[in-house]
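Notes follow once the structure below has been shown.
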Amino acid sequence: VEIVEFHDMRIEVDPLVESRIKTTAPGRIVRFTMNVTNFGNMPDQPTLHNHTIVIGAGWDTVPGMNTLSDWQISFALLEGFNTEYPTEKPCVALMLGDQVPTEGCYLDATTNAVTLPMMEAYSTLQIVVIIAIDPTASLSNREIGIKVLSSFGSAEVGGDYDETAVWDDSCTLDENKDGLPDNYHPNCDTNEQIVELRLRAPDLKILDVNVVTYTGDVGEMLSVNVQVVNVGNAHATNVNIILCVDQSKSDIKKNGCDEGNIVYRQIVQAIMPANDDEDAPLIALLYMVQAGRHDVVVVVDPDNVIVETDETNNIQKVSKKMGSNLGILDVGIEVIAQYSVPAIILGATFALIGVVGVVMYGRRIEALTRFAEKSSLIANLDDDDDMVF
């Protein structure tokens, strides 16, 4: 009996777990669970490779990240997939000269390919593709292709029967973005899986800070008008905007605004992505005049709760110092007012103590005088008793 060897490696996003399209934001880590199946009738030890699109040239046949060079892709085996608590076992990155592990998957230092364990015929492995997105990535749709290659090679050398170097015949290709694959079985490569990441994030930017009146009486409210625009492609909710005093922009960027320096806080429920023909909304913040002159800085999202593509345009300083009409004189008046009442109370206390002391001293002198008088009378009486007639 002659057995004809047949080699066919397949990979697909598990349709029962997730979609091949995910919406996320720059700086996030995204996971895709995929099934790798050996549909051949011979044991096979496949390798995994990631591909990207070359601008203006389509899918690159050579593995690599190209324009996504600041992104990171890693792989892991998913064990106990059908249990309540499946576990990820990351593929080990080998250095030159390291011994190849007998279990699990590993990243070869020479080929830069991930090698999976030996797979028996008609067996399936669950893998996890872990994609770390560059925090500075532009807000657009990105596609990444994951290819599994048979250890027997491509169709040209008698290996995987439907493996070709190009991606035009991939079963998961959707060039026209209609939600349907461009190629169907059996006339497509089943060893290629294309996933799409749709990057969505707000980007809040302070366009302008306008102040009409910079000084006023202590305790008066002055208006600080701020224009904030969302130049991202997703809405921002619960946007926190504060006025921070007596701190520099660099210090706020590094350490944040101290709680004691926050003089006004306002929360905007939502800021939608702006169109080019829209004017940015005007937000009025109120500054309560403090004695002296102070630097005032407008800070949007001071706690960095909102994930943005650019965090550097969230801080802007008011062009002039704000404060009281008399400046440093108001500070002196405020100090005098602050400490005058305690000083008066303290002075009155000492004065009262002095009065009490004087009264007590006077009464003591009076008592001593009376005592002396009584003593003199007693002495005179004693002298009278001693007289003899």
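The values are calculated or read from the model by the stated rules, or taken from the named source; none is laboratory data. Predicted model, so just to flag it, every value in this text is computed and none were measured. Cβ coordinates were reconstructed from backbone atoms using ideal geometry, including for glycine residues, and neighbour counts include every protein chain displayed.
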- Please determine, by comparing only the residues of region 47-64 that are exposed (fewer than 13 other Cβ atoms within 10 Å of the Cβ) and hydrophobic (A, V, I, L, M, F, W, C), which one is modelled with the highest pLDDT. 62
- Could you tell me which of the residues 170, 123 is surrounded by 12 or more Cβ atoms within 10 Å (Cβ to Cβ), among the hydroxyl-bearing types (Ser, Thr, Tyr) and farther than 18 Å from residue 20 by Cα? 123
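Within region 134-157, is there a residue that is part of a loop (DSSP other than H, G, I, E, B), among the hydroxyl-bearing types (Ser, Thr, Tyr) and at pLDDT below 90?
Checking region 134-157: at least one residue is part of a loop (DSSP other than H, G, I, E, B), among the hydroxyl-bearing types (Ser, Thr, Tyr) and at pLDDT below 90.
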- Residues being surrounded by 15 or more Cβ atoms within 10 Å (Cβ to Cβ), assigned to a loop (DSSP other than H, G, I, E, B) and over 26 Å from the mean Cα position of the chain (by Cα): count how many of those fall in region 71-90. 1
- Query: Can you list the strands (runs of 3 or more DSSP E) found entirely within region 213-331 that contain at least 2 residues being within 26 Å of residue 137 (Cα to Cα)?
  - Reply: 221-230, 236-245, 262-271, 296-300, 315-317
- Message: For region 33-70, which positions are over 28 Å from residue 202 (Cα atoms), touching a residue at least 12 places away in the same chain (Cβ under 8 Å) and assigned to a loop (DSSP other than H, G, I, E, B)?
- Response: 39, 40, 41, 42, 43, 45, 46, 61, 63, 64
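Among the residues of region 6-32, which ones are touching a Phe, Trp or Tyr at 6+ places or on another chain (Cβ under 8 Å) and either part of a loop (DSSP other than H, G, I, E, B) or over 30 Å from residue 309 (Cα atoms) (or both)?
Hits for region 6-32 are 6, 7, 8, 9, 10, 18, 20.
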- Query: Mind checking whether some residue in region 159-175 is in a loop (DSSP other than H, G, I, E, B), out of contact with any strand residue (DSSP E or B) (no Cβ under 9 Å at 6 or more places or on another chain), over 23 Å from residue 69 (Cβ atoms) and in contact (Cβ under 8 Å) with a residue 12 or more places away in the chain?
  - Reply: yes
- Residues (surrounded by 20 or more Cβ atoms within 10 Å (Cβ to Cβ) and β-branched (Val, Ile, Thr)) located in region 14-36: 36
- Residues in region 184-197 that are in a loop (DSSP other than H, G, I, E, B), surrounded by 15 or more Cβ atoms within 10 Å (Cβ to Cβ) and not hydrophobic (A, V, I, L, M, F, W, C): how many? 2
- Message: Looking at region 100-115, I want the residues that are touching a residue at least 24 places away in the same chain (Cβ under 8 Å) and have a partner that is among the aromatic types (Phe, Trp, Tyr) with Cβ atoms under 7 Å, at least 6 apart or on another chain. Which pairs are those?
- Response: 105/75; 114/75; 115/106
- Evaluate the following for residue 209: is it in a strand (DSSP E or B), β-branched (Val, Ile, Thr) and within 29 Å of residue 133 (Cα to Cα)? no
